[in-house]
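Please treat every number below as a calculation from the coordinates, not as lab data. On a predicted model such as this, the values are computed, not experimentally measured, just so you know. Every residue, glycine among them, receives a Cβ derived from its backbone with ideal geometry; neighbour counts consider all protein chains shown.
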């Protein structure tokens with residue numbers, strides 16, 4: 001490659017929507033290690049705007065945050081049909097999980113999240129779109 005040129009790596013885009021800054025940093029750092037491009041949102045409204053601006057390959061979102069909740073998941077499904085959704089929450093119960101899965105959430109995790117399990121779910125959900133490029 002010629003000096004001064006950079007090689008762009010085509011990578012999946014993961015939107016991380018989490019209102020807790022420390023948790024969002026952790027998730028961003030851990031998923032960045034998979035070789036994906038990260039976009040961040042601090043609440044549900046920001047996440048929906050991000051989905052409209054640039055369709056992500058996968059959405060990882062907290063359930064309970066400003067402008068969040070099950071209705072928010074339904075809106076994400078409307079604005080991003082076919083985009084895999086991974087849901088994390090500290091306040092889940094059987095009904096919440098059932099509602100989320102009925103809306104098409106592909107993976108559901110209670111906090112505290114086991115990072116290894118979360119990364120495996122992200123790899124699995126991105127694999128069909130990445131042609132094996134996910135680390």
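Tell me the relative contact order for the stretch 8-61 as a rounded percent, counting alpha carbon contacts under 8 Å between residues six or more apart. Present the calculation step by step, with values, prior to reporting the outcome.
Numbers: 75 pairs, mean separation 28.1, N = 54.
Rounded, it is 52 percent for the stretch 8-61.
In nanometres, what is the gap between the two model label sites at residue 55 and residue 115, each 7 Å from Cα along Cα-to-Cβ?
3.2 nm
Would you order 116, 90 from fewest to most other beta-carbon atoms within 10 Å of each residue's own beta-carbon?
Ordered from fewest to most neighbouring Cβ atoms within 10 Å, 116, 90 come out as 116, 90.
Consider the candidate values (1) 29, 15, 13; (2) 26, 15, 15; (3) 32, 16, 15; state which one is semi-axes √(5λ) of the Cα gyration tensor in Å computed from the structure displayed.
The value matching this structure is (2).
So what's the back-of-envelope 222 nm ellipticity for the chain, counting only DSSP H runs of four-plus at -39500 (n - 2.57) apiece and dividing by all residues, rounded to 500?
-13000 deg cm²/dmol
Please determine, in degrees from 0 to 90 and to the nearest 10, the orientation of helix 21-32 with respect to the longest principal axis defined by the Cα atoms of the chain, where the helix direction is its Cα long axis.
It is inclined by approximately 40 degrees.
Quickly work out the residue 99-to-residue 45 label distance, labels modelled 7 Å from Cα along the C-beta direction, and quote it in nm with one decimal.
My value for the distance between the label points is 2.1 nm.
Expected output is a single nm value to one decimal: the length gained when fully extending between residue 71 and residue 29, i.e. 0.36 nm times separation in residues minus the C-alpha distance. What is it?
12.3 nm
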